[in-house]
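Okay, so here's the structure we're looking at.
Bear in mind these aren't lab numbers, they're just calculated from the coordinates by the rules spelled out. Note that the coordinates shown come from a computational prediction; the quantities given were computed from them, not determined experimentally. Note that each Cβ is placed from the backbone with ideal geometry, even for glycine, and that neighbours are counted across all protein chains shown.
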Amino acid sequence: MSKSSNCSVNKLRYTDGEVHRAGGIMAKKRTYILAVLILSLLLSAAAGCARQQQQGTPSPTGTPAGNYLNIDPERRPMPQKITLYYMHKPSGLLVPVTRTEYRGDMPMEQFVMRELLKGPGAGNESLAALFPEGAGIKDVEMTGTTAFVYFDNGVTGDIPLQTIWGDAYANQDPVVLAQRTHELLLYSVVNTLTSLPGISNVKILIENHFATYTELGLQALAQAYGADPNTSMPSYPRSPDHILQPKNVVQLLMTELSADTPAWQKIYPFLYDKMASGTMNLPGLEEMQKQWERINRRLIIDPDSIVPQEVRGDNTALVQVSYTIERTDGQTEPVNLEYLHMIYQNGVWKLELPPTWLGEDYGD
């Protein structure tokens, strides 16, 4: 007997077909098990979310919980500091008025124009808005750095010149005064808007067409430019020449003090409440008038000698001037060069009066 016959082991043998069928069955079982596991996980997650919402997750209500940010759905107006330019009656020039108003969603350029039309407000009797009664703003639009201001037809109405100018109205040609007033109106708009960042020019429209010189009473301005008064006006840049400057105050004071009878009601508003020595208060109007008339006859000024020297960051300025004081005793005191000190107060430049103008020993 051969070895193989004694030591052989009987083993089950599978054909290729049987192996293929067995593999298919196992693959189906694995797929089924995986599907059951995935379905179980999905059901568990859904059940957990439902329990969490039922037990502790807050749902939005009309009154938010204490640990939620309370957001006001309506945007509230915010305080906004703005600078507006009005006419200063004593000087006949524009001065800035800075105030804080509340602005909502209105564009800034439209907001300041609507505030400008409201006027300088109570307590500013020396200032005047120059718009005709009933003038209104329809819109303000920006194109590049130019603001297009749409007025309604009310802006072409009559300006109450006598109310604005007071006593000066009787002493000047009404036609010239009207032209000057309309020009100040134009630059009150231009200088107000160009105070805002990003605006360098302003163009005026009435309803939906470009305003002409004639419509705004600016025929003299058209003549100065050599333009036809019935043509539309160009856009205008900022004009410091229409804003009260230290030099303007000195010119006004020197003109008044050179008269035989100075108009103290015009002079006094431009004097600072302390004199240049820094130790004396300015005398009252009547006392100052008496002191001046007691020692002085007049002050003679060379207009060309008035030269602005410096505007400083502390609201002070220096103006160079040369003049001669004629005293009542017949003596003359020439001053070849003096730097007058100016103080900026409530939008107006005021002179710190040199004590020597009231006498060498004044205040001693």
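One table, with the values for the structure above:
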read-out	value
For Met280, residues with placed amide H under 5 Å, excluding near neighbours	Met275
Label-point separation in nm, Thr261 to Lys290, each point 7 Å along Cα→Cβ	1.9 nm
Computed lengthening from Ala224 to Ala122, 0.36 nm per intervening residue step minus Cα-Cα distance	33.1 nm
Over region 248-364, relative contact order from alpha-carbon pairs under 8 Å, at least 6 apart, %	28 percent
Asn315/Gln80 FRET efficiency (R0 22 Å; Cβ-Cβ; nearest 0.05)	0.45
C-alpha center-to-center spacing [region 208-236, region 80-151] in angstrom	22 Å
Amide H partners (placed H, <5 Å) of Val335, local residues excluded	Tyr323, Thr324, Ile325
Long-range amide H partners of Val202 with built H, under 5 Å	Ala147, Tyr236
Over 32 Å (Cα to Cα) - which of Lys118/Lys266; Lys203/Lys274; Lys247/Lys290; Lys118/Lys274; Lys138/Lys266 fall in this group	Lys203/Lys274; Lys118/Lys274; Lys138/Lys266
Region 246-358: C-alpha gyration tensor shape, a/c 1.5 cut-off, then a/b vs b/c	oblate
Once the Cα gyration tensor of region 78-242 is diagonalised, semi-axes √(5λ) in Å	24, 21, 14
In Hz, Karplus ³J(HN,Hα) per residue of region 195-210 (6.51, -1.76, 1.60; θ = phi - 60°; x = Gly, Pro)	6, 7, x, x, 10, 10, 9, 9, 10, 9, 10, 10, 6, 10, 10, 5
Estimated vicinal HN-Hα couplings, Hz - region 179-188 in sequence order (Karplus 6.51, -1.76, 1.60; Gly, Pro = x)	4, 5, 5, 5, 5, 5, 4, 4, 7, 5
15 Å beta-carbon shell around Val250, net charge (K/R +1, D/E -1)	-3
³J(HN,Hα), Karplus 6.51/-1.76/1.60, whole Hz, each residue of region 343-349, x for Gly, Pro	10, 8, 9, 6, x, 10, 7
